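Student: The structure's right below; bear with me while I get my questions together.
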Amino acid sequence: METAEFIHILNREGLLLASAAEQAGPDAKVPTCPDWQVRDLLKHTGTVHRWAAVFVAEGRSDRVPFPDRPDLDGGELLAWFREGHRLLVGALGAADPGLQCFQFLPAPSPLAFWARRQAHETAVHRFDAEAARGGTPEELGRDFAADGIDELLRGFHARAKSRVRTDEPRVLRVRASDTDGAVWTVRLTREPPVAEYGDTGDADCEVSGPAARLYLALWNRLPFPRVTGDVSVAGLWREKSAVG
């Protein structure tokens, strides 16, 4: 996917998140994040947006700390969230393609990284806001969801901080059933998971389903659509894969 597509999706997802949060109200529980109310969701995502915007707008090469969460609530908090989202979308849209700044996952360029990362950050939390509101959530695009699976498996969980580890080596297959070529083989050991494209070799367990549902399941927002083989491997993912 192109950077401009990610910026477009980020804009859409942030607007949907704000709308769902407004309908739910700040006191509403977020069932997909049991420790949160909607106000916590807005403060978290809004803070991430502002943090990301600093790197893009200022070309910062050092990792800066997260800003403090605001002491706001209700309509003021919602306005603060919307303003931070607008600033991030604007910074990404105005950035030079050759921008050099900090990034924490591999990507073709820093601009491509931040557009992709923030689109997925916002999409997952938009789903959280809609879970708090209730009703039918907006659909995620199939290609975008497949890209998000790839970012999670080959990006986040390739890092040393991944807790998805096991003393007994296991192999997890991840298959998006509605997307050509969207298959990953994830090797689990005492080290960080190693994921690669394709269905190379045997797997102890396979999780599969439509890309959009599988994406949210891997982010622990929905049950896995289908599990075959050793279900304890899918359980290991559920237990250990939360991203800090």
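The values are calculated or read from the model by the stated rules, or taken from the named source; none is laboratory data. Just so it is clear, the structure is predicted and the values come from calculations on it, not from any experiment. Neighbour counts are summed over all protein chains in view; Cβ atoms, including those assigned to glycine, are modelled from backbone coordinates with ideal geometry. Just the protein is used for accessible areas: all its heavy atoms, side chains included, with ligands, DNA and RNA removed. Shrake-Rupley method; radii C 1.70, N 1.55, O 1.52, S 1.80 Å.
Student: Applying the selection to segment 150-162, what residues are of a type outside the set (A, V, I, L, M, F, W, C), open to solvent by 50 Å² or more (accessible area, probe 1.4 Å) and either in contact with a helix residue (DSSP H, G or I) (Cβ under 6 Å, 6 or more places away or on another chain) or not in a helix (DSSP H, G or I) (or both)?
Tutor: Within segment 150-162, the subset of a type outside the set (A, V, I, L, M, F, W, C) is 150-151, 154-155, 157, 159, 161-162.
Within this subset, residues satisfying the condition of being open to solvent by 50 Å² or more (accessible area, probe 1.4 Å) are 154, 161.
Once the filter is applied, which keeps residues that are of a type outside the set (A, V, I, L, M, F, W, C), open to solvent by 50 Å² or more (accessible area, probe 1.4 Å) and either in contact with a helix residue (DSSP H, G or I) (Cβ under 6 Å, 6 or more places away or on another chain) or not in a helix (DSSP H, G or I) (or both), segment 150-162 yields only LYS161.
Student: PHE66: outside any loop (DSSP other than H, G, I, E, B) and among the aromatic types (Phe, Trp, Tyr), yes or no? Give the steps one after another, and end with the answer.
Tutor: Numbers: outside any loop (DSSP other than H, G, I, E, B): no; among the aromatic types (Phe, Trp, Tyr): yes.
No.
Student: Further question: Are any residues in segment 59-75 open to solvent by 90 Å² or more (accessible area, probe 1.4 Å) and touching a residue at least 24 places away in the same chain (Cβ under 8 Å), and if so, which ones? Break it down stepwise before answering.
Tutor: Narrowing segment 59-75 to residues open to solvent by 90 Å² or more (accessible area, probe 1.4 Å): 61, 63, 65-66, 68-69, 71.
Those that are open to solvent by 90 Å² or more (accessible area, probe 1.4 Å) and touching a residue at least 24 places away in the same chain (Cβ under 8 Å): SER61, ARG63, ARG69.
Student: Oh, and also: Suppose we filter segment 22-41 for residues that are in contact (Cβ under 8 Å) with a residue 60 or more places away in the chain and either open to solvent by less than 20 Å² (accessible area, probe 1.4 Å) or assigned to a loop (DSSP other than H, G, I, E, B) (or both); how many remain?
Tutor: Selection size over segment 22-41: 8.
Student: Is one or more of the residues making up segment 126-135 among the basic types (Lys, Arg), open to solvent by less than 50 Å² (accessible area, probe 1.4 Å) and touching a residue at least 24 places away in the same chain (Cβ under 8 Å)? So that I can check it myself, show each step before the final result.
Tutor: First, the residues of segment 126-135 that are among the basic types (Lys, Arg): 126, 133.
Checking which are open to solvent by less than 50 Å² (accessible area, probe 1.4 Å) leaves us with 126.
In the following step, the residues that additionally are touching a residue at least 24 places away in the same chain (Cβ under 8 Å) were identified as 126.
The answer is yes, given that some residue of segment 126-135 is among the basic types (Lys, Arg), open to solvent by less than 50 Å² (accessible area, probe 1.4 Å) and touching a residue at least 24 places away in the same chain (Cβ under 8 Å).
Student: When you scan segment 76-95, do you find a residue that is in a loop (DSSP other than H, G, I, E, B) and exposed (fewer than 15 other Cβ atoms within 10 Å of the Cβ), even just one?
Tutor: Of segment 76-95, the ones in a loop (DSSP other than H, G, I, E, B) are 95.
Now drop any that are not exposed (fewer than 15 other Cβ atoms within 10 Å of the Cβ), which leaves none.
The answer is no, given that none of the residues of segment 76-95 is in a loop (DSSP other than H, G, I, E, B) and exposed (fewer than 15 other Cβ atoms within 10 Å of the Cβ).
Student: Looking at this structure, is LEU15 touching a residue at least 40 places away in the same chain (Cβ under 8 Å), surrounded by fewer than 17 Cβ atoms within 10 Å (Cβ to Cβ), closer than 16 Å to ARG133 by Cβ and under 19 Å from the mean Cα position of the chain (by Cα)?
Tutor: Spelling it out, LEU15 is indeed touching a residue at least 40 places away in the same chain (Cβ under 8 Å), surrounded by fewer than 17 Cβ atoms within 10 Å (Cβ to Cβ), closer than 16 Å to ARG133 by Cβ and under 19 Å from the mean Cα position of the chain (by Cα).
Student: Does segment 121-147 hold any residues that are in a helix (DSSP H, G or I) and touching a Leu at 6+ places or on another chain (Cβ under 8 Å), and which are they?
Tutor: Applying the first criterion (in a helix (DSSP H, G or I)) to segment 121-147 yields 121-133, 142-147.
Scanning segment 121-147 gives THR122, ALA123, VAL124, HIS125, ARG126, PHE127, ASP128, ALA129, GLU130, ALA132, ALA145.
Student: How do the pairs read when you match residues in segment 212-238 that are on the phi > 0 side of the Ramachandran plot with residues anywhere that are assigned to a loop (DSSP other than H, G, I, E, B) and not polar (S, T, N, Q), using Cβ under 6 Å and keeping only pairs 6 or more apart or on different chains?
Tutor: Pairs found: GLY229/ASP204.
Student: Considering each of ALA21, ALA79 in turn, give the residue that is touching a helix residue (DSSP H, G or I) at 6+ places or on another chain (Cβ under 8 Å) and more than 14 Å from GLU121 (Cα to Cα). Talk me through it step by step, then tell me what you get.
Tutor: Numbers: ALA79 fails: touching a helix residue (DSSP H, G or I) at 6+ places or on another chain (Cβ under 8 Å).
Residue meeting the stated conditions: ALA21.
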